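Undergrad: Here it is: the structure, laid out below.
The values are calculated or read from the model by the stated rules, or taken from the named source; none is laboratory data. All values reported here derive from a predicted model rather than from experimental measurement. When we count neighbours, we look across all protein chains shown, and the Cβ atoms used for this are built from the backbone with ideal geometry, even at glycine. SASA here: full protein model, heavy atoms, side chains in, ligands and nucleic acids out. Shrake-Rupley method; radii C 1.70, N 1.55, O 1.52, S 1.80 Å.
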Amino acid sequence: MLHDTLNLVAGLDFSILPQQLVNGLLLGSVYALIALGYTMVYGVLRLINFAHGEVFMLGSYAALFTSWSLGFSPEALAGQDKPSSWINLVLMLVVSMVVCGLIGMAIEFLAYRPMRNQPRIASLITAIGVSLFIQYAGGLFLPQSPPPAISEQVNPYRNEKVTVTLAPPPQDLVVQAKDARAKADQMDKAYEAAKAKGDPTSLESMRQETQAAKNAASNLETQVASKSTGLTVPYGQLGMLLTTLVLMALLWFIVQKTKTGRAMRAVAHDFDSAALMGVNVGRIITITFVIGSALAGAGAMMYATVLRTPLTPFLGVTPGVKAFVAAVLGGIGNIPGAVLGGILMGIVETLVVWLDGVVPGLSGYKDAVAFVVLIAVLLFRPGGLLGSSKVEKV
Amino acid sequence: MSEKPVVLSLDKATIQFGGLIAVNSVTFDLYKGDLFGLIGPNGAGKTTCFNLITGVYKPTSGSIKFNGKEVGGLAPAKIAEMGICRTFQNIRLFPALSVLENVVVGAYLRHKTSVYGAYTYLPPAINETESLKKDAMDLLEVMDLADMAGSRSADLPYGKQRRLEIARAMATKPDLILLDEPAAGMNPQEKEDLQATVRRIRDEFGKTVLLIEHDMRFVMGLCERIVVLDHGEEIAQGSPEAIRSDPKVIEAYLGEAV
Amino acid sequence: MKFWGVRGVSILAGLGFAFGLETMVSAGLPNIYRLVVLAGLFITLAVSLNLINGITGQFSIGHAAFYMVGAYSAGFVSNQFYAQQSLGPQLWLVVMMVFGAFMAGISGFVVGLPSLRLRGDYLAIVTLGFGEILRIVVQNIAPLGGAYGMNVKPFGSPPKAIWIVWTLAMVCIAVCRNLLRTAHGLPFLAVREDEVASSAMGVNVPKTKVTSFVIGSAFAGAAGALFALYDTFISPDTFKMDVSFIILTMVVLGGTGSITGSVLAAVALFAIPEWLRTLQDPVTKVAIQIPGPSLVATMLAVIVAVALVKLIQDRFYGDKGKKLGLYVGAVGAGVAVQFLLAALLKGVPQLAKLSFEAAALRMVIFSATLIILMLLRPQGILAHHEFSWAWVSKLFGRRPSEANA
Ligand SMILES: Nc1ncnc2c1ncn2[C@@H]1O[C@H](COP(=O)(O)OP(=O)(O)OP(=O)(O)O)[C@@H](O)[C@H]1O
Ligand SMILES: [Mg+2]
């Protein structure tokens, strides 16, 4: 009842809201993984690593090639079913993370390290250059037309899912549907019996009536399904959320509990003092790049495997920009901020699509909303949600 | 003393940063032509006082009047225009600009031609630029920096950077000039020269001077009146002799030796 | 009187140059007409962004948005109203240029406001965000052609545009240059150097920042209006983030704050990709093909050579002649590596069967050039220097006084 009223008032379908929120969370967790890389690098170097989106793109290709070499390329499959195992997924994840980690390290060593003592804007331009270079050089060598996608069959759990019912459908409707189904079944039985007996006179009309009853039943059942609020989460997405959580916990552990993490925080706090206190700043920066890029690699593997996005060399641009916005939103340089910002960004984006129900055409503005939210937040909290805007002492 | 007009008057000026009351109900008056010292231990709130007077921070309560008009909470640029200018404790020159240009930025405040003349490079703007440059050069002469007019200000030695900051502040043609630890980092000779210069600023140019300094010889030898702050509170006020022998000041700041 | 004489002559010379270029190119080199127009537009864009970024120090990286505002306002208004008046194409161009500048100036004012509260990277991302928001809004407005773009064909055929585009570029350069030559330019520089100190010296910091945004964006909008009317088709894709980045790159590569540098970098960065686009075999007139092995070998060789040059630049303190010798050696080593690797890589079958058209390498070469230039000369081609005749004479080893004598 409540549903009907709300739907009428707002023109919105609240029954799909929980599902939309979960989808937002999933997308947001990918953004968060990428945003972590931006924020960590910014933390230690005060550099916006524009090439980070491209690292993400390369990570998704790494996952693709791994799946191919595991026998899931279109040629090898040739339209046939092939059993897979979770080991394949783990392998793809690991390869993707390692490849991205190495690429991050290479970019840092070749392009950013020589710029260490130069004006920040020069490093920024270098970052833009690296980003463009990877996109277009990738365009020369990477398969792209038609955009390849990782085969569904790599995922052994592609048909399994968890269904949660949050609010049951109206009781009378359920009873009605049940009755209708029972009646249809009964008629079906009678029809089969008549057919077996070979009574030709009424067979055709009986068949038609049975069919009508069946249709009515399934109609009611669909109604029941749509009136119930709940969500369905495929195992793949569940795994994605879990992996993200595990990786974030691991990152938290590294940053907060290890010696390297402490050095990282020291460098982020004050680069020069950390160097003077004997922190090997070069090594810490390398490690930061490796970790940040590996996280992007994990995000990329899941983005390509679970969300099954078709791959192009320009794939990293949009998620990259959004993740960067997420990092700034959360307060750039702030690790929990990046996670918060990423998830917020994902949820806002799916909500905008959902709100399309009231404001037709709103979903066309999906990509702009990220920036609107960002600008609104920055005007009130110039340092982002969790970041502190440093007041300059005069 | 009382026939001289009051230039600056702080009345219970207070500012709080979170739980910290950096300046607590500070009250003092400056008369025209005063050479006034503001002293106190590190973190006493001296620089914060300057920041209140020049509009960097807005006082939480209390009033700050300049020539009879309330300035507390006005924009810094507005206050500079009214005639208060300052130097900074940690030097804040315009590093990439030349010494001369730094001073012209100060002088620009009193410019008269409109900016459209500049876009089109018409004679009024050109002539004004020339005259601003000339005034700036004169000030550099006074501060003994004329020979370095063309160098980048960041390339000057420390003591000269401090003098350049004073020149830049003077260029705004202020009535009241605030100097935040002008002698910090200078050698004895430079300090002596600076003392003479500050005196000249008052005597020859007729400015009222308020200065913060940790070097007691410098302050005592220069200022005619002194206010002492400690933990944001005013603990003494008076002539150098009175301050020197004030037991509260000795305990909080000067120590027994002086 | 002498002043007005000189001023008159220089204005005439400028106009003469613009119209001379127009006549020369349309008569002699019609196939580069579009390039000359675009080069002029990019000079305007780079110099105007330099005012915001390099001179006033406001880190704005969404300049393409203002270009777009100018283009769409002029495009829309021309489509609606050109037929109803009788100004003729050339005058209409002038009117639309002013109109585009006006509209972009307004948007520059709006985008400039956050600069009052935000600094550095935060301001950068907000300017970028404004650009993206505007672009997406245009994408969703049907009368502006939405995502497909809009035809702007009030005149039937593309108008003569070189003269006005280059006049605009010269005006833009002149305005920035004039500003810096008078005391009025100093507050802009002071804001870049230190905001707190500027305001203590009486500089109206908010006004200065917003002014630089308004002027900078107005010039970009003027360029956009001319682009729309000349190119006759605009779409949101023409004004993507990449364009903003390229303009920003021109500013930094030229040397942040240097107007001359912006101009040079604009021309160079614009010319490199365009030149590569047209690269073909002089005899057969087919596009040059580059075999896969040589391409990969060249890429690696360039990395080696650049790394060596950088190492010599940073670590070698000796006399200039020796250093020059080492540089030559480094380049030689690069060439050797190229030959060696190319021969080796021919043995890799997957690579050997690939080959690439030179035009397809356009952006790769472009971005590589960018990285290399930044690595080897991070302060920009001209650093903070400006063009002046005295400087030219010094460059050729003569003191100005001798040169004048
Ligand atoms: N913007 C601010 N936010 C928070 N606390 C501040 C701020 N500015 C100053 N303070 C605090 O106010 C107190 C007074 O500082 P202030 O700089 O005025 O001291 P001072 O007397 O000038 O000391 P010094 O002799 O070392 O220059 C200090 O504890 C300082 O940390
Ligand atoms: Mg102080």
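Undergrad: For segment A:156-248, which trypsin sites (Lys or Arg not before Pro) are both in a DSSP coil and crowded by at most 10 other Cβ atoms within 10 Å?
TA: Listed in order of number, the matching sites amount to none.
Undergrad: Counting only protein heavy atoms and using a 1.4 Å probe, what share of the accessible area of segment C:63-141 belongs to carbon plus sulfur, as a whole percent?
TA: 73 percent
Undergrad: Suppose R0 equals 41 Å. What FRET efficiency, 1/(1 + (r/R0)^6) with r the Cβ-Cβ distance, do B:Ala75 and A:Ala225 give to the nearest 0.05?
TA: It comes to 0.05.
Undergrad: Expressed in nm to one decimal, what extension gain is obtained for the pair A:Lys178 and A:Thr165 from 0.36 nm per residue of sequence separation less their Cα-Cα distance?
TA: Additional length available on full extension: 2.9 nm.
Undergrad: What distance in nm separates the two pseudo spin-label positions at B:Met216 and A:Leu110, each 7 Å out from Cα along the beta-carbon direction?
TA: 6.5 nm
Undergrad: Sum up the charges of everything whose Cβ sits under 14 Å from the Cβ of C:Gln139, counting Lys and Arg as +1 and Asp and Glu as -1, but leave C:Gln139 out.
TA: Result for the neighbourhood of C:Gln139: 0.
Undergrad: Okay, next question. Quote the Stokes-Einstein diffusion coefficient, in whole µm² s⁻¹, for segment B:86-173, based on the Kirkwood radius over alpha carbon pairs, a temperature of 37 °C and a viscosity of 0.692 mPa s.
TA: In µm²/s, the coefficient rounds to 250.
Undergrad: Right, another one. Looking at segment C:248-264, which residues lose a minimum of 40 Å² of accessible area between their chain alone and all protein chains in place, measuring with a 1.4 Å probe and not counting ligands or nucleic acids?
TA: C:Val252
Undergrad: Further question: Please list, short to long, the whole-number percent of alpha-carbon pairs of chain C in consecutive 20 angstrom bins beginning at zero.
TA: The distribution over chain C is 23, 52, 25, 1, given as percents.
Undergrad: Okay, moving on. Where does helix A:52-67 land angle-wise versus the long Cα axis of chain A, in degrees 0 to 90, nearest 10?
TA: It works out to around 50 degrees.
Undergrad: A follow-up question, please. Taking only protein heavy atoms and a 1.4 Å probe, what accessible area per residue, in Å², does chain C have with all protein chains in place?
TA: 44 Å²
Undergrad: Share of segment B:176-258's accessible area from carbon and sulfur, percent, 1.4 Å?
TA: That fraction is 48 percent.
Undergrad: Here's another thing I want to ask about it. Which order do B:Met143, B:Met220, B:Met137 take when ranked by solvent-accessible area (1.4 Å probe, heavy atoms of all protein chains), largest first?
TA: Most to least solvent-accessible, the answer reads B:Met137, B:Met220, B:Met143.
Undergrad: Right, something else. How large is the accessible surface per residue of segment B:86-173, computed with a 1.4 Å probe and reported in Å² as a whole number?
TA: 40 Å²
Undergrad: Using alpha-carbon positions, what is the distance between the centroids of segment C:290-314 and segment A:279-348, in Å?
TA: Value for the Cα centre distance between the two parts: 30 Å.
Undergrad: Now, a different point. What aspartates and glutamates sit close enough to A:Lys183 to cross-link, taking a C-alpha to C-alpha distance under 15 Å and skipping anything fewer than 8 places away on the same chain?
TA: Cα-Cα hits under 15 Å: A:Glu192, A:Glu209, A:Glu221.
Undergrad: Residues of segment A:116-144 losing 50 Å² or more of accessible surface, assembly versus chain alone, probe 1.4 Å, please list them.
TA: In segment A:116-144, residues shielded by partner chains: A:Ile121, A:Ile125, A:Ile128, A:Leu132, A:Phe133, A:Tyr136, A:Leu140, A:Phe141.
Undergrad: List the trypsin sites (Lys or Arg not before Pro) in segment C:206-311 that DSSP assigns to loop (not H, G, I, E or B) and whose Cβ has at most 10 other Cβ atoms within 10 Å. Which are they? Can you show the working numbers first?
TA: Details: sites: C:Lys207, C:Lys209, C:Lys240, C:Arg277, C:Lys285, C:Lys310; in loops: C:Lys240, C:Lys285.
Here the trypsin sites (Lys or Arg not before Pro) that fit, given the DSSP loop and packing criteria, are C:Lys285.
Undergrad: Follow-up question, since we're still on this one. Could you work out the pair-distance distribution P(r) of segment A:169-227 from its alpha-carbon pairs, with 5 angstrom bin width and percents rounded to whole numbers?
TA: Per 5 Å bin, starting at 0, the Cα pair percentages come out as 4, 21, 23, 17, 13, 9, 7, 4, 1.
Undergrad: If one takes the accessible area of chain C alone plus chain A alone and subtracts that of the pair, with a 1.4 Å probe, what total in Å², rounded to the nearest 100, results?
TA: Buried surface at the C/A interface: approximately 3900 Å².
Undergrad: Can you compute the charge dipole magnitude of the protein assembly as shown about its Cα centre, using +1 on each Lys and Arg Cβ and -1 on each Asp and Glu Cβ, nothing else charged? Give it in debye, rounded to the nearest 20.
TA: My answer is approximately 1560 debye.
Undergrad: Turning to a different aspect of this structure: Can you put A:Trp68, A:Trp86, C:Trp92 in order of accessible area, largest first, using a 1.4 Å probe?
TA: Most to least solvent-accessible, the answer reads A:Trp86, A:Trp68, C:Trp92.
Undergrad: Give the aspartates and glutamates whose C-alpha is closer than 18 Å to that of C:Lys322, dropping any in the same chain fewer than 8 places away, or say none.
TA: Hits, sequence-local ones excluded: C:Asp314.
Undergrad: When the accessible area of segment A:170-270 is split by element with a 1.4 Å probe, what percent falls to carbon and sulfur?
TA: Solvent-exposed carbon and sulfur of segment A:170-270 make up 59 percent of the total.
Undergrad: While we're on this one: Relative to the longest principal Cα axis of chain A, at what angle does helix A:17-45 sit, 0 to 90 degrees, rounded to 10?
TA: Rounded to the nearest ten degrees, it is 10.
Undergrad: Roughly how tilted is helix B:188-203, in degrees to the nearest 10 and between 0 and 90, from the longest Cα axis of chain B?
TA: Approximately 80 degrees, to the nearest ten.
Undergrad: Give me the residues in segment B:64-105 whose solvent-accessible area, probe 1.4 Å, is reduced by at least 40 Å² once all protein chains are included instead of the chain isolated.
TA: B:Ala77, B:Phe88, B:Arg92, B:Phe94, B:Leu97, B:Val105
Undergrad: With a 1.4 Å probe, how much accessible area is buried between chains B and C, both sides summed, in Å² to the nearest hundred?
TA: Answer for the B-C pair: about 2700 Å² buried.
Undergrad: Next question, about the same structure. Determine the distance separating the Cα centre of segment A:17-53 from the Cα centre of segment A:149-185; give it in Å without decimals.
TA: Using only Cα atoms to place each centre, the spacing works out to 33 Å.
Undergrad: May I pose another question? Taking the simple approach of a point 7 Å from Cα along Cα-to-Cβ for both C:Lys2 and B:Asp155, what is their distance in nm?
TA: Placing both labels 7 Å along Cα→Cβ, they lie 3.1 nm apart.
Undergrad: Just to confirm a number: summing +1 for Lys and Arg and -1 for Asp and Glu over residues other than B:Ala183 whose beta-carbon lies under 11 angstrom from that of B:Ala183, what do you get?
TA: -3
Undergrad: Leaving out ligands, DNA and RNA but keeping every protein chain, what accessible area does A:Ile343 have, in Å² rounded to the nearest 10, with a 1.4 Å probe?
TA: The accessible area comes out at roughly 50 Å².
Undergrad: Counting heavy atoms of the protein chains only and a 1.4 Å probe, report the per residue accessible area for chain A as a whole number of Å². If you can, show how the numbers build up before the last one.
TA: Numbers: 18520 Å² over 394 residues.
Each residue of chain A exposes 47 Å² on average to a 1.4 Å probe.
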